[in-house]
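J.: Before I ask anything, here is the structure I am working with.
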Amino acid sequence: MAEEILMPRLSDTMTEGVIASWHKKVGDPVKKGDVLAEIETDKATMELESYKDGTLLHIGAGDGGKLQVNDLLAVIGNPGEDVSGIVAKHSGGNQPAPASAQPPQEKKEEAAPAPAPQPAPAANQAPAKDYSKMEEVVLMPRLSDTMTEGVIASWQKNVGDDVKKGDILAEIETDKATMELESYKDGKLLYQGAKQGEKIQVNDLLAIIGKEGLNVQEIVNGIKGGTPAAGAEIDPQRAGAFDSSPKTEADTRKGEGDVAPANAQVQNQPAPALQETGTQQPASGSNGRIFASPLAKKMAQEKGIDLKSVKGSGDNGRIIKSDIENYQPQAQPAAQSQPAAAQPATTDFEEIPVSQMRKTIARRLAESKFTAPHFYLTMTIDMDAAITARTRINELSKIKISFNDIVLKAVAVALTQHPKVNSSWMGDKIRINHHVNIGVAVAVEEGLLVPVVRNADAKPLSQISKEVKDFAQRAKDKKLQPADWEGSTFTISNLGMFGIDEFTAIINPPDSCILAIGGISQVPVVKNGAVVPGNVMKVTLSCDHRVVDGATGAAFLQTVKSLLEEPLRMLV
């Protein structure tokens, strides 16, 4: 009997999958365990294995096609078996299976007469077509669990460029990182859904890749709300292939996103003046985008060099590393200094656009602060024993252990004894986690990332130290992946290395608590009735009162204190 295979949910945030490639064709015999296809999800490309023997009778989409989770992916059964009922069930009974995926001739004959008795205008049929599922359509993917929109940091391909599978289409700035978006099919880039610096919501139209002659206007109208008003046309900035006579103004507008704020006044000058300023941008393409290698961009940012003033020596004027190293700033024309001299002395400030990461930090922490009732518990811990233990451990360990690693381990062990602190507020229920995943706040130039050390209670100090160092470096290099920062059950934030004695932190949802760690200070303490020098550290626990009560939080801190003051207890 024929058996249907639906598109599985291969990740917790997956809503649709793209067929990267089929390993079997219609009519091929299939054995249990054979790889049917490679499915590209929102996080990775994964192999899909068959769980039964038989013959592949139907495929739901070809290479590059999209399918929603639980859509019909394939049908496996006996050779020659009729699968029209299964296909009709998943297509609502109104549409036959794709001709390329259904070998029996009867299906083609059924498909042909269907339109004959309905001579309705094409305009009436258009709304029924789901353009978003066309294999030529590229939607903005959800690149992190909290992402709602993405900003086009840069386009690596222009309209009209040939694109191959695996080529980088664009760099997308999400709320947590800037990530490269690869093409999953071959073709020509026919349309861009936004210019550099513009935002696109998740699942909105990002690009169209296909063959020349494809009706891009119809696809764009279909996805963005149906047929446009009479005379409406595609923005020539986004689909240059449809503007046979390029306009100077359109080209000028295309480059406005790359003009520095200091030169914003040139927008009010006539077009010829803008063309003259273009000679100062030797590394820019006709669309205003600056061609530079990622290393050159990073070096320029570190040195404060405006890439528009650098002449590239690479292919097609691309700016490379040596151009930045050899860059000599040119003297500014005297004419530019005259307006500055004429202006009266005023306050000086600079306004910068808010990055996606900063927006998400603002939104999530504001939600946490104003929805979760915070309360704070501070405790002073004697760190003399921890200092002695760390010194002895580092004499033997190849990996140097930090105080932060020791605190993280103590917190992980304490959480196993206080599961209520290792919990999450879920609205109508409280989730008590039986695994200990500790998020470690890492400061980066754009804001804050919280990579997660998983099952920290079961890991030795050397493994914890190695993971934390690796996360910190990858965070600064913008190489963290979504899986690295998802799934925390508790968070720690350490500002002790900056000389901060104590501070309060905002809870990182969905966690119920966050521990703020201050620096170790040498102060006089009383021991055995005598005043002696001592090393103390203050920690402050921020608690969500909806989940954790004061006594519960205090008991947790007492356990952390006892583990740090007697580090050998962490080994028991």
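No lab work stands behind these numbers, since they all come straight from the coordinates. The model shown is predicted, which means the values in this text are computed figures rather than measured ones. Positions of Cβ are backbone-derived with ideal geometry, glycine not excepted, and every protein chain shown enters the neighbour counts.
J.: Place a point 7 Å from the Cα of VAL354 along the Cα-to-Cβ direction; which residues of the stretch 180-203 have their backbone N under 19 Å from it?
T.: The answer is 197-202, whose backbone nitrogens lie closer than 19 Å to the label point.
J.: Taking 7 Å along the Cα-to-C-beta vector as the label spot, tell me the GLN68-LYS211 distance in nanometres, rounded to one decimal.
T.: 2.9 nm
J.: Sticking with this one: Do any GluC sites (Glu not before Pro) in the stretch 435-487 lie in a loop, going by DSSP, with at most 11 other beta-carbon atoms within 10 Å of their beta carbon, and if so which? Don't skip to the end; give the middle numbers.
T.: On the way: sites: GLU445, GLU446, GLU467, GLU486; in loops: GLU445, GLU446, GLU486.
Passing sites in the stretch 435-487 are GLU445.
J.: While we're here: Can you compute the charge dipole magnitude of the stretch 356-570 about its Cα centre, using +1 on each Lys and Arg Cβ and -1 on each Asp and Glu Cβ, nothing else charged? Give it in debye, rounded to the nearest 20.
T.: Taking the Cα centre of the stretch 356-570 as origin, the dipole is about 400 debye.
J.: Follow-up. Give the lysines whose C-alpha is closer than 19 Å to that of LYS561, dropping any in the same chain fewer than 8 places away, or say none.
T.: LYS409, LYS420, LYS527, LYS538
J.: Cα gyration tensor of the stretch 3-90, axes a ≥ b ≥ c as square roots of the eigenvalues: rounded (a/c below 1.5), prolate (a/b > b/c) or oblate?
T.: Since a/c reaches 1.5 and a/b is larger than b/c, the shape of the stretch 3-90 is classed as prolate.
J.: Contour minus end-to-end for LYS133 and LYS429, with contour as 0.36 nm per residue of separation and end-to-end as the Cα-Cα distance?
T.: 102.9 nm
J.: Express in nm, to one decimal, how much length is gained between LEU6 and SER462 on full extension, taking 0.36 nm for each residue of separation and deducting their alpha carbon distance.
T.: Result: 159.8 nm gained on full extension.
J.: Strictly over 19 Å apart at the Cα level, which of LYS164/LYS297; LYS164/LYS211; LYS157/LYS476; LYS185/LYS211 would you flag in this model?
T.: Long pairs (Cα-Cα over 19 Å): LYS164/LYS297; LYS157/LYS476.
J.: For SER84 and THR416, calculate 0.36 nm times their separation in residues minus their Cα-Cα distance, and state this gained length in nm to one decimal.
T.: 114.0 nm
J.: Then there's this: What fraction of the DSSP beta bridges in the stretch 402-547 is antiparallel, stated in percent and rounded to the nearest 5?
T.: Details: 22 of 29 bridges.
If I count the DSSP bridges inside the stretch 402-547, around 75 percent turn out antiparallel.
J.: Quote the relative contact order of the stretch 435-487 in percent (integer), defining contacts as alpha-carbon pairs under 8 Å separated by 6+ residues. Write out the running numbers ahead of the final one.
T.: Numbers: 57 pairs, mean separation 19.8, N = 53.
Averaging sequence separation for qualifying contacts and normalising by length gives 37 percent for the stretch 435-487.
J.: Hey, with R₀ at 51 Å, roughly what FRET efficiency would ARG363 and ASP186 work out to, going by the Cβ-Cβ distance, to 0.05?
T.: Numbers: r = 38 Å, r/R0 = 0.75.
It comes to 0.85.
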